[in-house]
Amino acid sequence: MRKTDTPERMKSYWVAWVVVSWMSAATSLLVIVVISTSERLRRKMWNQFVIGLVIPDFLFSFACGFTCMFAALDGGYAGPAMCQWQSLYVAYGFGASIWMNVVISNELHR
């Protein structure tokens, strides 16, 4: 069994995760926008792979920010539906990142 902190401290943890998650999402989105809006950058195959890697990270961080925000507002997980939602985007994020690593490794090997 694990002991949890006080509700005030837990809320500060959740809020910190909201900030970190959304900063990560914003940074990922910035990478996508910078590469997508520059024809010179878009032409390079490596940058296209970078966009492919960043999209799952953006979606994961964006969704995680909402999950943590609801946890901060509710004082903890907002029920089984939120837990199922979190498991869905976590599985997607892990799977998509692994897939892109395989694709990039194969391309570099060739």
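Using a 1.4 angstrom probe on heavy atoms only, work out the carbon and sulfur share of the accessible area of the chain in %.
Roughly 69 percent, rounded to a whole number.
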(message) Tell me the angle of helix 45-74 to the major Cα principal axis of the chain, expressed in degrees between 0 and 90 and rounded to the nearest ten.
(response) 10 degrees
(request) Identify, among Tyr77, Gly95, Ser36, the residue whose Cα sits farthest towards the positive end of the charge dipole of the stretch 36-107, taking +1 on the Cβ of Lys and Arg and -1 on the Cβ of Asp and Glu, with the dipole about the Cα centre. (result) Ser36
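In the stretch 3-80, what chymotrypsin sites (Phe, Trp or Tyr not before Pro) fall in a loop by DSSP, with at most 14 other Cβ atoms inside 10 Å?
For chymotrypsin sites (Phe, Trp or Tyr not before Pro) across the stretch 3-80 that sit outside H, G, I, E and B with at most 14 neighbouring Cβ atoms in 10 Å, the list reads Tyr77.
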(request) Only residues of the stretch 1-31 count here: report those whose backbone N is under 20 Å from the spot 7 Å along Cα→Cβ of Tyr77, or say none. (result) 1-18, 21
(message) Run lengths n ≥ 4 of DSSP H only: what is the helix-derived mean residue ellipticity at 222 nm for the chain, with -39500 (n - 2.57) per run over all residues, to the nearest 500?
(response) -31000 deg cm²/dmol
(request) Kindly write out, for the stretch 76-86 in residue order, the coupling ³J(HN,Hα) from the Karplus curve 6.51 cos²θ - 1.76 cosθ + 1.60 (θ = phi - 60°), rounded to whole Hz, with x marking Gly and Pro. (result) x, 4, 8, x, x, 4, 5, 5, 5, 4, 5
(message) Please state the shape class of the chain: rounded when a/c is under 1.5, otherwise prolate if a/b exceeds b/c and oblate if not, all from the C-alpha gyration tensor.
(response) prolate
(request) Keeping all protein chains in place, calculate the accessible area per residue for the chain (probe 1.4 angstrom), answer in Å². (result) 72 Å²
(message) Not counting ligands, DNA or RNA, and with a 1.4 Å probe, what is Lys11's accessible surface area in Å² rounded to the nearest 10?
(response) 100 Å²
(request) With only Lys, Arg, Asp and Glu charged, each at its Cβ (+1 for the first two, -1 for the last two), find how big the charge dipole of the chain is about the Cα centre; round to the nearest 20 debye. (result) 260 debye
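The values are calculated or read from the model by the stated rules, or taken from the named source; none is laboratory data. Being a predicted model, the structure only gives us computed values, none of them experimental. Here Cβ is always computed from backbone atoms with ideal geometry, including for glycine, and neighbour counts include all displayed protein chains. Side chains are part of the model used for accessible areas, which takes the heavy atoms of the whole protein and leaves out ligands, DNA and RNA. Shrake-Rupley method; radii C 1.70, N 1.55, O 1.52, S 1.80 Å.
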